[in-house]
1. Condition check: of a type in the set (A, V, I, L, M, F, W, C) and either at pLDDT 95 or above or touching a helix residue (DSSP H, G or I) at 6+ places or on another chain (Cβ under 9 Å) (or both). Does Ile15 satisfy that?
2. Which count do you get for residues in segment 46-73 that are exposed (fewer than 13 other Cβ atoms within 10 Å of the Cβ) and either modelled with pLDDT of 90 or more or not hydrophobic (A, V, I, L, M, F, W, C) (or both)?
3. Select the helices (runs of 4 or more DSSP H) contained entirely in segment 5-79, then report the ones holding at least 2 residues which are of a type in the set (S, T, N, Q).
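The values are calculated or read from the model by the stated rules, or taken from the named source; none is laboratory data. The shown structure was predicted, so the numbers you read here are calculated from the model rather than taken from an experiment. Glycine also receives a Cβ, built like all others from the backbone with ideal geometry; neighbour counts cover every protein chain displayed.
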Amino acid sequence: MDLMNLTIGLPFMPIRGLIRLAELIQEQVELETRSPAAVRRHLDAVEEARASGEISDEEAEQQVEQILGQMIDQPDPPG
């Protein structure tokens, strides 16, 4: 990188870093919401709440549908 590119690009480096950080966070969230282990944990939590009476059967069914819908509706993560 020559001096001219460095001089022009230097003020934009924090913005580029912030954009990259946001991209990494988004990728991590997508991975965690789609991972089988995370989905299983969410489904187990719904089942425990239903079994303990915290939520009704209908609410549990709605939450399960929402969890599975989120997993299905998301595009494949970048490979």
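1. On the way: of a type in the set (A, V, I, L, M, F, W, C): yes; either at pLDDT 95 or above or touching a helix residue (DSSP H, G or I) at 6+ places or on another chain (Cβ under 9 Å) (or both): no.
No; evaluated as a whole, the condition is false for this residue.
2. Of the residues in segment 46-73, the ones exposed (fewer than 13 other Cβ atoms within 10 Å of the Cβ) are 48, 51-54, 56-58, 65-66, 69, 72-73.
The next check asks that each one be either modelled with pLDDT of 90 or more or not hydrophobic (A, V, I, L, M, F, W, C) (or both); those that pass are 48, 51-54, 56-58, 65-66, 69, 73.
Result for segment 46-73: 12.
3. Values: elements: 13-34, 36-51, 57-73.
In segment 5-79, 13-34, 57-73 are the helices (runs of 4 or more DSSP H) which contain 2 or more residues that are of a type in the set (S, T, N, Q).
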